[in-house]
Structure formats: structure tokens, C-alpha cells
Amino acid sequence: MTIDLADRTDRATRPRRGRHAMTGTVALLVLAVGMSDLSGVRRPAATPTAGVGTGVPSSTAPPPPAPAPPVPSTAAPRVTASAVAPLGPPEALGRLFYVPGGPVAGRERVRLRSWRPGERPRTLAALPQVAALANASVSPDGRRVAWVDPARAATLFVADVDGSHRRTLARHVDTYCVAPTWAPDSRRLLFREADPLGAPGRFGVLDTAGRRTRVTWWDAEPQGCHALWSADGRTVAMNSATGVTLYSDDGRRPRPVPHLSGPSSWRSTHVASLSPDGSRIALTRTRPGEETGDVGRILTANAVLRTRDGREVSLPTGGRALRQVFFRPDGSTVVRVRAGAGHALLVIGRDGRKVAEVAEPAELRGMQIVSA
């Protein structure tokens, strides 16, 4: 069934209730639990460091003692992101898009950013902070960004990545569980409606082309969150309960990924990326009883699994901690790993071999990749 959304009237914004209800400051506090650390899993509290924000007055401090003679160190030198040895053609990485890695104090709006090796990071569209963290989605062709603003009747917007040509597409849209997800044609958006009180409704595919937006509603109602569409257009992945389920492109024929729920020793409530043919997923995986974050999405990944049997796929990271993984339509994979105080970015070819590696600019260290 296809319905025209162009004539929907604006209704007064009301408090959202129910399982997925979060607004304003409350939403940011919940999202902070899941996204303040780019590892995506629970970590110990950070140790304070000297400098700005320590609260120690410098004007009254006693003079420092004379330095002790240097003692030769046998520890291995610390590796920093700037020391990453480049490998292969840097242009293989393409253009990446970033949003903040967690809530930014005192900001109602934050900037989408992009970076391509050989260029300086660019500042793009201004987005509501909650939307940037919870649901902003860049189209596969890198031209447009979609987001849902919970402070404006949960309105779904789309604009060019620089913020121009903004359009209102629909109101009363799910903000946190099923974020707007681009189809591989960069034209259609999968979303889920919500009533003014926040109760979830139907899944629909919205065609953004033309002056009048139209929606084709699914007859099926998958029980899941954080939908992702494979590049071949045949598979939609969603988190369901404590695992991941794959669906056909109309929301039917569910196929759970093995070993992520039930008696398994692993859980996952956040899937970050889906391979072009739906055969692999990148996700944050935890043990039963570990914190997994809230309903707000987590874009980090600490494992890549085969969807057929749930087996882990090894990546050539050189033993460095995995932070983010994004599958690309051409079959390659962009991998973000920890490198000293920053990050390195790897391109893995279809054959599983590393074809390129570059150091990420230090100014992007506190951000997370939203599209690669």
C-alpha cells in the first residue's frame, strides 16, 4: 500500500512514552552510557590527567623540586597515530563521515564532518545533537543526510550533507529504535512510524525523489531495532532481543544469526554494519551480564561474524584493538583500529588482505564514523 505524506498536518509535540521513549537531556544521558567510549563496551573510569579541568591552582603551588637524573628506560616506545606507517594508495579509503563520539556538553546542535586522505577534515551540516548521536544516516552515495528531530514532533528531515536543500518528509517517526536507513539506491529510506506518544507503528519505505514523498508500508512488523540494508538490496538486518535477525527486503522470512542469544555465551544489541550480500555483520558483542548500552544506537564494533553460522571472521589488524567496521558496496571493508593515542584506518580487500592503511587526523579522535 502506498500513501502520500505531503498533506500530513503538524500536530503538537507531546512527551514520548513507552519502551523507547527518550527526549532532550534524558536522551543524551542515556546515550552517554552507550557511546561515550569508542570501544562500545563497559570500561573502567578514566584516570584524571594534569592540565585544563584539574582544578589545581597554579599560582599558589610550591616550586617543583630539582629533576632527578634521567634513568634509562627499557620500556618499548609508545606508538602514536602519527607514527602509523602508510600502506597502499590512501585514496582507497575514500570519503568518511563523522559525528561526535558522545554527548557534547552545552551544545544543542553539532556538526557532521567528513574527511578524505590528503585533505583537511570538512565541517558540514549542523544537526540536533540527539539526532546526530541516535539516528543521523548518510546516504550510500555520500550526498545526503537523513535524521529525526525528537524536539520537533519527531520529524524526519533530509538534506544535502552540507545542510542545504533541507526537506521535511514525515512527522511522528521512531527516533531511537529504528533510525531512518538508506536503501542502496540512496533514494529510499526505511523507517518506522510512531504515534504522538511514542508508541511504535508500521514500518515503511519512503521514496525521497520528487516533490511529493510517498510511502510503501510493510505488511510485516519485525520485532527489532537498528535496521541496516545490504548493498545488494536483498537483506535487512535488525537487532532482536539479544541477537541479530536477517529479513528479506519486505520484512519477511526472518533468519536469526546463530550463537547470539538463548544459551549462547554471546549477546549483541547493536549491529553496526552489514556486508553487501548479507553474509557478514560487524557488531558490538558482549558476554551475558555485561552492559550493552541502551536503546540508542552504538556504531562501534568489536567483532565481525558470518551470518550463516555465527563464526567470527579474522581481520588483519596487526593485533590492534578493533573500534569500527564498515562494509562497502564494492566488497571492501573500512576498519578503524586503536593506534597509540589515536586511530588508524585500514582498507581490507575482498580477499581479506589489507590493501591500505593511513593515520586518522588527531582532531577526529573524539568522533565516530557514521558512514564510510
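Couple of notes before you dig in:
- Lone qualifier among THR269, THR286 - being among the polar types (S, T, N, Q) and either touching a Pro at 6+ places or on another chain (Cβ under 8 Å) or in contact (Cβ under 8 Å) with a residue 60 or more places away in the chain (or both): THR286
- Filtered residue count, region 104-134, keeping only those that are in a helix (DSSP H, G or I) and among the charged types (D, E, K, R): 0
- Tallying residues that are surrounded by 17 or more Cβ atoms within 10 Å (Cβ to Cβ) and over 12 Å from VAL84 (Cβ atoms) within region 319-335 yields 11.
- So SER82, is it of a type outside the set (D, E, K, R), on the phi < 0 side of the Ramachandran plot, at pLDDT below 95 and not in a loop (DSSP other than H, G, I, E, B): yes
- Filtered by the rule that a residue be closer than 14 Å to ARG95 by Cβ, out of contact with any His (no Cβ under 7 Å at 6 or more places or on another chain) and part of a loop (DSSP other than H, G, I, E, B), region 345-367 gives a lone residue, PRO361.
- With respect to the stated conditions, GLY289 fails to be small (Gly, Ala, Ser) and under 27 Å from ARG350 (Cα atoms).
- Within region 222-242, the set of residues being of a type outside the set (A, V, I, L, M, F, W, C), at pLDDT below 95, assigned to a strand (DSSP E or B) and touching a strand residue (DSSP E or B) at 6+ places or on another chain (Cβ under 6 Å) comprises HIS226, ASN239.
- Within region 282-291, one or more residues are in contact with a Ser or Thr (Cβ under 6 Å, 6 or more places away or on another chain), among the hydroxyl-bearing types (Ser, Thr, Tyr) and within 16 Å of GLY101 (Cα to Cα).
- Restricting attention to region 314-344, the residues that are aliphatic (A, V, I, L, M), part of a strand (DSSP E or B) and closer than 18 Å to LEU283 by Cα total 5.
The values are calculated or read from the model by the stated rules, or taken from the named source; none is laboratory data. Model, not experiment: these values are computed from the prediction. With ideal geometry, Cβ positions are generated from the backbone for all residues, glycine too; neighbour counts draw on all protein chains shown.
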